[in-house]
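The structure appears below as structure tokens.
The values are calculated or read from the model by the stated rules, or taken from the named source; none is laboratory data. Remember, it's a predicted structure, so these values are computed and weren't measured experimentally. Glycine also receives a Cβ, built like all others from the backbone with ideal geometry; neighbour counts cover every protein chain displayed. For the accessible areas, the whole protein counts, side chains as well, though only heavy atoms, and no ligand, DNA or RNA atoms are used. Shrake-Rupley method; radii C 1.70, N 1.55, O 1.52, S 1.80 Å.
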Amino acid sequence: MKKIVAVSTLALLLAGCNPGDQEAEKDTKTEEQANQNADEKVAQDNEKSDAEVAKEKEAAEAKKEAEAQAEAEKKAEEQAAADKKAAEEKAAEEEAEKKAAEDKADESATEDKTDETTEEKKDDGKTDSAQDPEPSKPSKPESETPDVDKSDTKADLSLGELVVVNKKYSLPIDYKPSNLVVPDVSFSYSGVLEQSYMQAPAAKQMEKMFADAKAANITLNAVSGFRSGARQTVLYNNYVARDGKEAADQYSARPGHSEHQTGLVFDISAPSVGNGLTAALGDTKEGKWIANNAAKYGFIVRYDRGFQSRTGYTYEPWHIRYVGVGPATQIKNNGQTLEEYMKVGH
């Protein structure tokens, strides 16, 4: 073995190489390679870092640009909404001005039409409206007889069409029939008011009466039907203020004591007396036709001429009360009041 090593060493020396130097050179080359690898890694790391930075910068700029665009779009939408609202407000204002102009024009046209038809309205006596026209104050009020009973007894609503409501018998102040309708007849005013209504069976009969009157060349106009207890309170108080309580009690019922509240009554008149609620109606051909024919349709002239001591109210040829054909015929033929027919007080 020592011989082989010696030969190898000798060979190296002959080649001019020192074994130690050769080992050192090998170590140097290894170190240089390691350093080169380290430098390449650093370079790669730096290159990667720069790319990431560039990418992040690009992303930030894209985000900023997107936000700016979104803000611009938002402002554009807000402006568009504001413009739309302004346009709508302007359109609404113009529409309001247009409507106001049209209303004014219609009003002027109505006034002109009213002026043109005034003479016609005077001829037929009709008015645009007539909320419970006031009856005329009696020129010579009659004194009530001592037997008029002003105690307050509840009216018997179970009697239906024959219920008695007068100065003695009263209805609940809030009573209102459930079957009220507007009769298909000629009225003394235009439009539909509270007073335009009547109980359905009575309204049907009044329609027949008005149709037959027209066929006989008799012109009648309906004036006032149903009247609430609240409305009667206002009217009665107004009459008392106008004429005094003693006079008012002869032609106006106290609240709750009005037959109008039953829905079975209608005040009717004629153009010949200006559609007024006046005793003069009784002397006209229309008033006489009512007195002679009302019973055929189930109505009576409730407060007939000369009946004040038996009813408590002055003569009212315009006030017709529905009681049914049979009772109306008997009452008329016997010259009775409703109280006498029903055998009750007044």
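For Lys85 and Lys64, the FRET efficiency from 1/(1 + (r/R0)^6), where r spans their Cβ atoms and R0 equals 30 Å, is about 0.40. Largest first and in whole Å, the equivalent-ellipsoid semi-axes of region 242-292 read 24, 15, 9, each the square root of five times a Cα gyration tensor eigenvalue. Taking label positions 7 Å along the Cα-Cβ direction at both Ser178 and Ala76, the computed distance is 6.8 nm, reported to one decimal.
Placing dummy labels 7 Å off each Cα toward the beta-carbon, the span from Ala51 to Asn238 is 10.1 nm. In this rough spin-label picture, where each label sits 7 Å from Cα along the Cβ direction, the Ser309-Glu93 distance is 7.8 nm.
Exposure check, 1.4 Å probe, all protein chains in place: Thr329 carries approximately 50 Å² of accessible surface. Annotation: amide H of Tyr189 within the under-5 Å range of Thr127, sequence separation 5 or more or interchain, hydrogens built in the peptide plane. What the phi angles of region 269-278 give under the Karplus curve with 6.51, -1.76 and 1.60, with θ = phi - 60°, is a coupling list of 8, 8, x, 4, 10, x, 6, x, 8, 9 Hz, glycine and proline written as x.
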